[in-house]
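Have a look at the structure below, then the notes.
Nothing in this text is a laboratory measurement; each read-out follows from the coordinates by a stated rule. Note that the structure is a prediction, hence the values are computed from the model and not measured. In this analysis, Cβ positions are derived from the backbone assuming ideal geometry, glycine residues included, and neighbour counts consider all displayed protein chains.
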């Protein structure tokens, strides 16, 4: 049990540090990230994708999502019960949204779909494609379920300042296929 406690403490400390780095990057944000994300999404026109409604100091994918919505279905995550995968509700610019769990906005009248590409928020990432999230495991469970059924492509979207040399990992942590920052597009080395 000591190993699990140690890992939980390591993750808690890593999240606290990553949150500070992200807040600092967010304060200096000039909005360049959405353009980089749009350039990646242009290669997937018409493929169902999921973005997210930014909360706290998350980098804003909404301009890229709005552009993608002109070419195909775009959804946003809807959190259900703890311990369950996310569901994805169709999103369009300027649609009616209401507050959902954890402060993220969700469609007032959700129409669910299954994305093939997920734009994933995070606290920290590594060049190897590892991601540190908030600790609920929602994206890890969701990616595991989607990838068990068919290919699902996970794009981590973050500020360059969120890069970490290393982050504590668990066997259930789902890897990212690509990372997009305001400065570069990172293709993780395959494990």
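Working from Cα positions, state the angle (0 to 90°, nearest 10) between the long axis of helix 2-27 and the longest principal axis of the chain.
Helix 2-27 and the main axis of the chain meet at about 50 degrees.
Only helical DSSP H runs with n ≥ 4 go in: add -39500 (n - 2.57) per run for the chain, normalise by residue count and round the 222 nm mean residue ellipticity to 500 deg cm²/dmol. Let's see the in-between values first.
Working: 4 runs with 55 residues, N = 191.
So the helix-based figure for the chain works out to -9000 deg cm²/dmol.
Among bridges DSSP assigns within the chain, what percent are antiparallel (round to 5)?
Restricted to the chain, the bridges split so that about 50 percent are antiparallel.
Tell me, what are the semi-axes, in whole angstrom and largest first, of the equivalent ellipsoid of region 72-140 as set by the roots of 5 times the Cα gyration tensor eigenvalues? Walk me through the numbers before you get to the answer.
Values: eigenvalues 100, 42, 26 Å².
Over the Cα atoms of region 72-140, the ellipsoid semi-axes are 22, 14, 11 Å.
Using a basic spin-label model with each label point 7 Å from the Cα along Cα→Cβ, how many nm lie between residue 30 and residue 16?
Going by the 7 Å Cα→Cβ label model, 3.4 nm.
For region 52-104, what log10 I(q)/I(0) values come out of the Debye formula at q = 0.15, 0.18 1/Å, with one point per alpha carbon and no solvent?
Scattering profile of region 52-104, log10 relative to I(0): -0.45, -0.64.
So for each of 150-157, 82-89 I average, over its residues, the number of other beta carbons within 10 Å; can you give me the resulting order with the highest mean first?
The most tightly packed comes first, giving 150-157, 82-89.
Suppose a student asked you for the relative contact order of region 2-186, using Cα pairs under 8 Å spaced at least 6 residues apart; what percent would you report?
Once divided by the residue count of region 2-186, the mean separation gives 24 percent.
When ranked by the protection proxy of mean other Cβ atoms within 10 Å per residue, highest first, what sequence do the peptides 53-66, 21-34 form?
Values: 53-66: 19.0, 21-34: 14.8.
Result, highest mean Cβ count within 10 Å first: 53-66, 21-34.
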